[in-house]
Amino acid sequence: MATELPETMDALAQQVSVLRASLQSSQGNTEGMVAILGSFDERLSELEATIHPIQVRAHATQMAHENIDKAIKVADDILAQVVIVREAEATILRGPHVDLESYLKAVGRLKDVVGFFSLRDNFTSKERFLNDVNVLLSKSSLMIEEEFKRLMITYSKPIEGDLILGSPPKLQWASDGDAEADGRNSAHSEHPSKRLETAICRTPTLIPTRILQLLHTIAQKLVQDGNQQSCFKIYRDARRSALQLSFQKLGVEKLSKDDVERMQSDALEAKIGKWTEYLRITVKLLNGERKICDQVFEGISFNKDQCFAELAGIGVAVAKTLLSFGDAVAKSKRSSEKLFVLLDMYEVMHDVRSEVEVIFEDSFWSEMPEAAFGLMKLLAQTAHEMFVDFEELVEKDTSKTNVHDGTVHSFTIYVINHVKFLFDYQSTLKLLFQGFETGSDTESQLAVVLTKIMQALQNNIHGKSKQYKDPALMCIFIANNIHYMVRSVCRSEAKDILGDDWIERHRRIVQQHAQQYKRVAWGKALQTLSIKGDSSSGISSLSDLSSSGVSRAMIKERFKSFNMQFEELRAKQSLWIIPDQELRETLRLSIAEVLLPAYQSFVKRFGNLVEDEKKPRKYFKYQPDELDQLLGEFFEGQQSGEQKK
């Protein structure tokens with residue numbers, strides 16, 4: 001144990017020595033490395049000192065290049081703006097009339113240039129350059145305003161009324177298509193026919209569509225640039241001037257109710273004919289103005305209603321004058337002839353009413369639609385009352401004008417013409433009746449009105465027939481007039497309204513009076529040819545004469561009496577007139593069918609009793625075929641014996 005310890009200690013000592021030697025060696029190495037590193041540090045410092053100036057110069061060079069690039073870019077941008085200005089200037093100086101779209105784009109590019117330089121302060125000539133650009137912009141604003149004015153003046157021309165009315169309407173008068181009824185014109189037979197057949201009224205093209213698009217673009221530009229007042233004034237003045245000249249060309253005359261009352265009917269009807277034209281033209285002109293005002297300022301923050309109201313003032317004044325005239329006519333003294341012109345006026349008012357509402361919707365003239373509707377209602381009410389007035393007029397007509405030849409009375413022609421003209425206004429009447437709630441459809445209302453008028457006329461005819469002292473002529477008069485009514489209905493649209501039953505009923509009335517005429521006019525003559533106990537066999541001997549109870553003197557007297565009666569009838573009734581050929585021939589035939597067989601029978605039986613006389617023609621004056629020929633002279637309105645050419 002004692003011997004092992006020293007050995008252990010020696011071993012440890014050796015290890016410590018080795019360790020110390022190793023540490024000393026490491027320290028030496030460390031110091032060597034430190035020395036080496038210190039040497040490197042010194043060299044690096046020297047190198048850094050050498051490189052630093054180079055780095056500074058390189059950085060400076062890089063910064064210089066970057067600044068040069070920036071300067072070049074700025075210069076390029078500025079030069080580009082200068083080029084833009086020069087190009088825009090060339091476009092602007094040519095004017096907007098050459099190419100408006102390019103012109104406005106050029107103005108827009110100039111404004112972009114101003115915006116470009118307003119963000120840059122490093123341009124030494126900025127103020128002078130911007131001043132030049134702004135001067136050019138000001139000039140462009142004046143030029144665009146001048147272009148707007150030029151276009152407005154160039155395309156704001158007065159328009160002729162005939163260009164609005166597709167075919168200029170004329171006031172026409174119905175010809176007396178039934179002049180053959182009485183062989184002369186009658187004051188009662190004339191009515192104004194539906195004078196606008198129907199003229200196609202169209203809203204005029206006041207400004208071409210292409211120009212409207214240009215005006216819209218320019219107006220939008222002017223308003224955006226704050227020039228709405230000058231835009232307003234230019235537009236208003238140009239359109240107001242054109243509209244004023246258009247209305248001056250129309251020559252609308254202001255007439256009061258007193259003026260209307262003093263007018264002769266023909267003059268008033270002519271005025272009303274013009275009134276219908278003027279009103280349509282006025283509404284179309286105002287509608288055209290409303291449309292172009294809306295189109296030019298569409299989508300633009302602009303008080304276009306005020307603009308339209310100011311320029312349309314002259315048109316509104318004309319419209320008020322026309323409405324005032326319509327009111328005066330509706331309130332003036334009534335007459336049956338005035339019904340048709342009132343219907344014309346009502347139709348026009350109904351046609352333009354919807355346009356008037358559109359024109360003055362949300363405008364400063366909002367009272368106009370109400371005024372138009374008020375006149376339309378007044379015209380409808382007045383026309384409706386005139387139907388009642390006319391029915392009473394027909395029923396109570398007491399004119400003493402007597403028709404000596406029994407032909408169709410002028411008053412009958414007048415009433416029938418009146419009724420026929422109503423059918424020119426069927427659509428208008430339906431509109432009118434719709435305004436009066438009666439619980440029945442418009443066609444039924446028209447049928448009621450028509451039936452009442454025709455019944456009133458029939459009563460009037462019977463009343464006038466009582467002026468005749470000759471009952472036969474009374475029957476001819478009634479037959480003529482009722483037949484005229486029936487024929488007129490059959491040839492018009494009234495047939496569908498009155499119906500077949502009405503026609504058949506009145507044809508029977510004609511037949512009844514024709515039969516009554518034969519009994520009254522020819523009864524005595526036929527009785528002369530009738531002898532009691534008459535037989536078809538003739539009398540050939542004195543014994544036959546004696547046995548028949550008929551004397552030769554009686555037969556001679558009968559022949560003389562018949563001749564005299566026939567001559568009287570021929571002289572009188574050849575002056576009478578049945579204007580309708582069909583009725584005339586029918587009545588002649590019905591007379592012949594009764595008279596000729598009776599005369600032939602009388603001649604056959606008793607003719608030989610007078611043939612032995614010295615002057616047989618004194619008694620046996622007419623052969624049957626001669627009677628038939630002479631009947632052809634009846635109802636021609638000519639003296640007996642006159643030859644018809």
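The values are calculated or read from the model by the stated rules, or taken from the named source; none is laboratory data. Since the structure is predicted, the reported quantities are computational estimates derived from the model, not experimental observations. Cβ placement follows ideal geometry from the backbone for every residue including glycine, while neighbour counts extend to all protein chains displayed.
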Any residue in the range 575-601 that is farther than 27 Å from Arg558 by Cβ and not assigned by TED's automatic domain parsing to the domain that holds Asn480 sitting within a Cβ distance under 9 Å of a residue that is among the polar types (S, T, N, Q) and crowded, with 16+ Cβ neighbours inside 10 Å? List the pairs, counting only those 6 or more apart or interchain. Ile577/Thr407; Ile577/Asn480; Ile578/Thr407; Ile578/Asn480; Pro579/Thr407; Pro579/Asn480; Asp580/Asn480; Leu583/Asn480
Does Lys233 qualify as being among the charged types (D, E, K, R), assigned by TED's automatic domain parsing to the domain that holds His350 and under 30 Å from Phe340 (Cβ atoms)? no
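Would you point out which residue out of Lys430, Lys420 is assigned to a helix (DSSP H, G or I) and at pLDDT 85 or above? Don't jump to the end; show me each part of the working.
On the way: Lys430 fails: at pLDDT 85 or above.
From the options Lys430, Lys420, the qualifying one is Lys420.
Within the range 281-289, does at least one residue satisfy the condition of being under 23 Å from Gln213 (Cα atoms) and over 23 Å from the mean Cα position of the chain (by Cα)? Reasoning before the result, please.
Of all residues in the range 281-289, those under 23 Å from Gln213 (Cα atoms) come to 284-289.
In the following step, the residues that additionally are over 23 Å from the mean Cα position of the chain (by Cα) were identified as none.
No, because not a single residue in the range 281-289 is under 23 Å from Gln213 (Cα atoms) and over 23 Å from the mean Cα position of the chain (by Cα).
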Return the pairs, sorted by first residue and then second, in which the second residue is surrounded by fewer than 20 Cβ atoms within 10 Å (Cβ to Cβ), the first residue lies in the range 548-569 and is outside the structural domain of Lys618 (by TED's automatic domain parsing), the beta carbons are less than 8 Å apart, and the residues are 6+ apart or on different chains. none
Checking His483 against (1) under 18 Å from Asp397 (Cβ atoms); (2) over 35 Å from the mean Cα position of the chain (by Cα), which test does it fail? (1)
Among the numbered criteria (1) modelled with pLDDT under 90; (2) surrounded by fewer than 20 Cβ atoms within 10 Å (Cβ to Cβ), which single criterion is violated by Phe360? (2)
Which members of the range 433-483 meet the condition of being of a type in the set (Phe, Trp, Tyr) and either at pLDDT 85 or above or assigned to a loop (DSSP other than H, G, I, E, B) (or both)? Phe436, Tyr468, Phe477
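Do we find that Val341 is in contact with a strand residue (DSSP E or B) (Cβ under 9 Å, 6 or more places away or on another chain), under 30 Å from Gln467 (Cα atoms), among the hydrophobic types (A, V, I, L, M, F, W, C) and not assigned by TED's automatic domain parsing to the domain that holds His513 in this structure?
Numbers: in contact with a strand residue (DSSP E or B) (Cβ under 9 Å, 6 or more places away or on another chain): yes; under 30 Å from Gln467 (Cα atoms): no; among the hydrophobic types (A, V, I, L, M, F, W, C): yes; not assigned by TED's automatic domain parsing to the domain that holds His513: yes.
Taking the combined requirement at face value, the residue does not satisfy it.
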Can you say whether Val388 is buried (at least 18 other Cβ atoms within 10 Å of the Cβ) and part of a helix (DSSP H, G or I), as far as the supplied structure shows? no
Taking the range 254-279 only, how many residues are farther than 15 Å from Val348 by Cβ and in contact (Cβ under 8 Å) with a residue 24 or more places away in the chain? 10
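Please tell me if Ile531 is aliphatic (A, V, I, L, M) and outside the structural domain of Phe423 (by TED's automatic domain parsing). Talk me through it step by step, then tell me what you get.
Details: aliphatic (A, V, I, L, M): yes; outside the structural domain of Phe423 (by TED's automatic domain parsing): yes.
Taking the combined requirement at face value, the residue satisfies it.
Looking at Ile234, Ile207, Ile218, can you tell me which residue is in a loop (DSSP other than H, G, I, E, B), surrounded by 16 or more Cβ atoms within 10 Å (Cβ to Cβ) and either in contact with a helix residue (DSSP H, G or I) (Cβ under 6 Å, 6 or more places away or on another chain) or at pLDDT below 85 (or both)?
On the way: Ile234 fails: in a loop (DSSP other than H, G, I, E, B); Ile218 fails: in a loop (DSSP other than H, G, I, E, B).
It is Ile207.
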Just to be sure before I move on: is Glu613 at pLDDT below 90, of a type in the set (Asp, Glu) and out of contact with any His (no Cβ under 8 Å at 6 or more places or on another chain) in the structure I sent? yes
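Kindly indicate whether any position in the range 585-592 is modelled with pLDDT of 90 or more and either farther than 20 Å from Gly406 by Cβ or surrounded by fewer than 15 Cβ atoms within 10 Å (Cβ to Cβ) (or both).
Step one: list which residues in the range 585-592 are modelled with pLDDT of 90 or more, which gives 585-592.
In the following step, the residues that additionally are either farther than 20 Å from Gly406 by Cβ or surrounded by fewer than 15 Cβ atoms within 10 Å (Cβ to Cβ) (or both) were identified as 585, 589.
Yes - at least one qualifying residue is present in the range 585-592.
Within 16 Å of Val394 (Cα to Cα) and among the aromatic types (Phe, Trp, Tyr): is that true of Tyr414 in this structure? Full working, then the answer.
Numbers: within 16 Å of Val394 (Cα to Cα): yes; among the aromatic types (Phe, Trp, Tyr): yes.
When the stated conditions are applied, Tyr414 passes them.
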If we scan the range 354-363, do we find a residue that is touching a residue at least 24 places away in the same chain (Cβ under 8 Å) and in a loop (DSSP other than H, G, I, E, B)? yes
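Being at pLDDT below 75, outside the structural domain of Leu212 (by TED's automatic domain parsing) and part of a helix (DSSP H, G or I) is the requirement here; does Ile153 meet it?
Working: at pLDDT below 75: no; outside the structural domain of Leu212 (by TED's automatic domain parsing): yes; part of a helix (DSSP H, G or I): yes.
No, not satisfied.
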Only one of Asp305, Asp294 is free of Cβ contacts under 8 Å to residues at least 24 places away in the same chain and surrounded by fewer than 22 Cβ atoms within 10 Å (Cβ to Cβ), namely Asp294
Residue pairs qualifying under the 8 Å Cβ cut-off, at least six apart or on distinct chains, with the first in the range 626-645 being within 18 Å of Thr407 (Cβ to Cβ) and the second being modelled with pLDDT under 85 and surrounded by 13 or more Cβ atoms within 10 Å (Cβ to Cβ), are Glu633/Ser640; Lys644/Gln638
Search result, residues across the range 565-604 that are closer than 17 Å to Arg519 by Cα and among the small types (Gly, Ala, Ser): Ser590, Ala592, Ala598
